[in-house]
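What follows is a short report on a single structure.
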Amino acid sequence: MATGNDVNVDIALEVVQKLGKLCEEFVLYFPEIIKTNLDLVKKLTVIPVENVAARMQDELINLCNDSGANYMFGTYTICDFLAESV
């Protein structure tokens, strides 16, 4: 029978694995940002479009112009924002 500690460890390991996979995907979409300045990720609208891969520039422009997304990004924690936008 699993104890509370075993369950907490299992959950923690699962969270770490999922975060690792999210990190890998993030690097695929925004390699230039990872190489230059992670602080840009904290404020969506200050990411220079030219710092994003050409295939993602239109999506970034649309996201920056989406008032609902900007509201959520400004008021939610990053985890809540990502959970809501999926």
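The values are calculated or read from the model by the stated rules, or taken from the named source; none is laboratory data. All values reported here derive from a predicted model rather than from experimental measurement. As a convention, Cβ positions derive from the backbone with ideal geometry for all residues, glycine included, and neighbour counts pool all protein chains shown.
Things to note:
- Residue tally, condition modelled with pLDDT of 65 or more and among the acidic types (Asp, Glu), over region 26-56: 2
- Residues within region 63-74 that are under 15 Å from the mean Cα position of the chain (by Cα) and loosely packed, with under 14 Cβ neighbours inside 10 Å, tallied: 1
- Pairs, first closer than 14 Å to residue 27 by Cα in region 51-64, second surrounded by 13 or more Cβ atoms within 10 Å (Cβ to Cβ) and of a type in the set (Ser, Thr, Tyr), C-beta under 8 Å, six or more apart: 53/29; 56/29
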